[in-house]
1. Could you count how many residues in the stretch B:122-148 are more than 9 Å from chain A (Cβ to nearest Cβ), within 17 Å of B:VAL52 (Cα to Cα) and of a type in the set (A, V, I, L, M)?
2. Given the criteria facing chain B (nearest Cβ under 10 Å) and either under 23 Å from B:ALA68 (Cα atoms) or surrounded by 11 or more Cβ atoms within 10 Å (Cβ to Cβ) (or both), does A:LEU17 qualify?
3. Do the conditions hold for B:LEU91, that is, is it touching a helix residue (DSSP H, G or I) at 6+ places or on another chain (Cβ under 6 Å), in a helix (DSSP H, G or I) and at the interface with chain A (Cβ under 7 Å from one of its Cβ atoms)?
4. Go through the residues of the stretch A:142-149 one by one and say whether even a single one is surrounded by fewer than 24 Cβ atoms within 10 Å (Cβ to Cβ), within 14 Å of chain B (Cβ to nearest Cβ) and not basic (Lys, Arg).
5. Please work out which residue is nearest to A:GLY156 (Cα to Cα), limiting yourself to the stretch A:232-268 and to residues that are at pLDDT 90 or above, of a type in the set (A, V, I, L, M) and touching a Phe, Trp or Tyr at 6+ places or on another chain (Cβ under 8 Å).
6. Step by step: first the residues of the stretch A:67-103, then only those that are farther than 28 Å from B:PRO38 by Cβ and touching a residue at least 60 places away in the same chain (Cβ under 8 Å), then the one that is surrounded by the fewest Cβ atoms within 10 Å (Cβ to Cβ). Which residue is that?
7. Please enumerate the residues belonging to the stretch A:26-54 that are more than 9 Å from chain B (Cβ to nearest Cβ) and either farther than 23 Å from A:VAL266 by Cα or modelled with pLDDT under 85 (or both).
8. Looking at the stretch A:203-211, can you tell me whether even one residue there is at positive phi and part of a helix (DSSP H, G or I)?
Amino acid sequence: MKPSAIPGRWHSARLLLQRFAFVVFVTAAFALMLLGKADTILVERARTVIVDLMAPVVRALSQPAGSLARVADTVRDLANLRAENVRLRTDNQQLLLWRDAARRREAENAQLHSLLEFKPPPEARSFAIQVMGDTGGAFAHALLVAAGSHDNVRKGMAVLSGEGLVGRVAQVGHRASRVVLIIDITSRVPVVLENTRTRAILAGNNSEKPRLIYVPAGARVSPGDRVVTSGHAGALPPGIPVGVVSSVDDTVIRVQPFMDRDRLEVVRVVDYGLAGILDSLDDETRAAQAETLKAARERGRVQRVRDTQPAAESVQP
Amino acid sequence: MIIEKTFWQKFDLAVRQTLPFVTAFLAALMMATQTHVPRLNSLMPSLTLGVVYFWAIHRPTLFGMGSAFVIGLIQDLLTGVPLGLGTLVLLLTRVGVASQARFFLGKPFAVHWWGFGLVAVTAALLSWTLAAAALGVVAPIGQVLVSALLSVVVFPLLFGVCDQIERRLLAEEP
């Protein structure tokens with residue numbers, strides 16, 4: 001054997017091993033992609049474990065950004081103090097009118113309920129939790145919140161901010177959970193237009209403005225229409241504010257959500273006692289939903305109202 | 001004369017050698033933090049891509065394919081994107097860039113930046129295609145490209161940090 005043959009062979013073997021390693025890793029990456037589609041439960045568990053493990057570090061890393069944001073907010077608030085004061089006075093005037101209207105309607109409602117022997121739904125239980133991370137990006141939009149199964153958070157619970165619906169709890173760890181935002185591409189929320197009671201599905205598309213899909217033919221949709229949850233599909237109760245229709249054209253109806261994602265520090269997780277996830281619905285409900293979706297698809301295109309100006313908000317007590 | 005290293009010297013060396021992985025790991029975690037900067041969370045730049053790019057050129061032996069695979073996997077699990085997406089993109093970036101390391105070594109920063117621009121756009125388009133295949137729906141391409149552009153914008157900062165780590169802490173290592 002020549003003396004130079006051993007290093008040469010060793011080098012060849014090493015190269016072969018490196019090439020083989022590349023193939024193994026690439027195959028493993030593709031296998032992960034297939035696994036993500038095939039075994040969602042396993043992947044969900046893995047995500048839950050990682051979120052739970054990383055939560056303290058992510059929380060610590062978020063602290064400086066949170067502190068800076070609070071300082072910036074304070075400076076901005078001080079600069080806008082006068083304008084803010086004028087706005088609040090105007091708001092207060094309007095809200096006083098609304099309060100009187102609400103009191104009258106509350107009394108009227110109570111009378112009608114007693115006449116109809118109406119059984120109100122059970123009261124929702126809610127608790128505030130801190131947002132500790134935002135796993136944003138071009139492909140997924142979710143929040144990490146500092147509460148998990150230890151704090152009675154369950155999958156499917158609604159997550160609200162002061163402005164409206166934020167999203168739904170998708171994965172629950174022991175001390176941390178992931179909340180999928182309504183703008184995420186996988187999010188589908190059954191909604192209704194508040195004034196016309198037109199049903200639709202709010203479909204996230206990873207942009208700031210999700211779309212309304214499955215709008216019935218002939219429905220009148222205008223910019224400025226308020227969008228609230230419809231309560232269908234057994235996931236969320238009706239009437240939670242979601243957003244406002246921002247634009248309507250031939251192919252797309254876009255909604256501007258009420259929630260301000262960049263300012264979310266504390267959110268409210270609400271347990272309405274509903275099933276929360278489609279998998280837990282009974283077969284009859286699922287079949288009914290499938291029928292509704294099929295009918296909506298068959299009804300074809302939507303006749304939309306093209307208003308260029310949003311409907312002016314007015315107080316009509 | 002061969003000087004035998006003490007336990008603490010060996011430990012110190014081992015810790016230093018994990019620094020490329022640790023920086024990439026921290027970059028993955030930082031991508032999951034809340035920035036409170038308007039619109040930044042929906043257009044988060046890929047910090048891990050910049051870090052992987054740097055180490056693939058400067059310390060490919062300390063940041064191998066396995067490291068890129070693990071960082072990608074953690075990133076996928078943490079951010080909720082389809083599993084395997086970040087894993088494959090970071091793995092291919094590590095392999096592709098390391099194969100061209102000789103071209104970049106010793107070149108001015110502008111060349112590194114230009115190279116990263118190409119890598120960021122390629123990675124964005126690959127991610128977009130893989131995400132469309134995995135999710136069955138197409139994400140807005142504009143957002144993906146803006147995110148890639150932001151990755152290019154923050155690259156000098158990442159380069160500076162990694163460069164300092166390499167000069168100060170890894171200078172004596174192989």
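1. So the answer is 2.
2. No; evaluated as a whole, the condition is false for this residue.
3. Yes: the conditions hold for B:LEU91.
4. Yes - at least one qualifying residue is present in the stretch A:142-149.
5. By that ranking, first place goes to A:VAL242.
6. A:ASP100
7. If the condition is that a residue be more than 9 Å from chain B (Cβ to nearest Cβ) and either farther than 23 Å from A:VAL266 by Cα or modelled with pLDDT under 85 (or both), then A:THR27, A:ALA38, A:ASP39, A:THR40, A:ILE41, A:LEU42, A:GLU44, A:ARG45 are the ones that fit.
8. no
The values are calculated or read from the model by the stated rules, or taken from the named source; none is laboratory data. Keep in mind that this is a model prediction, so the values were computed, not measured. All Cβ positions, glycine included, derive from the backbone under ideal geometry; neighbour counts span all protein chains shown.
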